[in-house]
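**Q** My questions all concern the structure below.
The numbers here are math on the coordinates, done by the rules we state, and not lab data. Just so we're clear, the structure is a prediction, and the values are computed from it rather than from any experiment. A quick note on method: Cβ atoms are made from the backbone with ideal geometry, for glycine too, and the neighbour counts reach across all protein chains shown.
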Amino acid sequence: MKALALLLVAALPAFAAIKTETVEYKDGDTVLEGFVAYDDSTDKSRPGVLVVHDWTGVQDYAKERATMIAKLGYVAFCADVYGKGIRPTDPKECAALSSSYKKDLPLLRRRVSLALEQLRKQKLVDKARSPRSATVLAAPACWNSRAAARMYAES
């Protein structure tokens, strides 16, 4: 029994060591702040998953989802559609901000595409696959994810 316990303790470092980082990128003069999560215990390339935030922006919920996805063996990147530091909390403010992106689909498409570029730049993302199959688009069920999923389904 003691040997089994030692074996289990010795095996702990082999489990996922999830690393998270914020990633700044730009849309023209607008600074965006994404979030990346991946398993740091291996240097093998793996598929990437783009997480599109809900109407509150890149906050804990989106980051938790990215971390969960990273634990499954993917590189997860949270897109920042709104811009660095723009994280509404009031439902009226959330509705107004999200509506502005629903009305300006080219802007939404550009912001999601820029995030996808950032995901593909991550060193552990498998770049050997075709661009269409190398990345999976995933998101919580919300305004942004529906728009992003529709955008990529149509492209």
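**Q** Would you please put 95-108, 62-75 in order of how densely packed they are, using the mean number of other Cβ atoms within 10 angstrom per residue and starting with the highest?
**A** 62-75, 95-108
**Q** Same structure, new question: Given the pairs 84/121; 19/44; 103/123; 92/121; 26/71, which span a C-alpha to C-alpha distance of over 25 angstrom in this model?
**A** Among 84/121; 19/44; 103/123; 92/121; 26/71, the Cα-Cα distance tops 25 Å for 103/123; 92/121; 26/71.
**Q** Right, something else. Please give every one of the aspartates and glutamates within straight-line cross-link reach of residue 102, meaning a C-alpha to C-alpha distance under 20 Å, and leave out same-chain neighbours fewer than 8 residues apart.
**A** 27, 54, 80, 90, 93, 154
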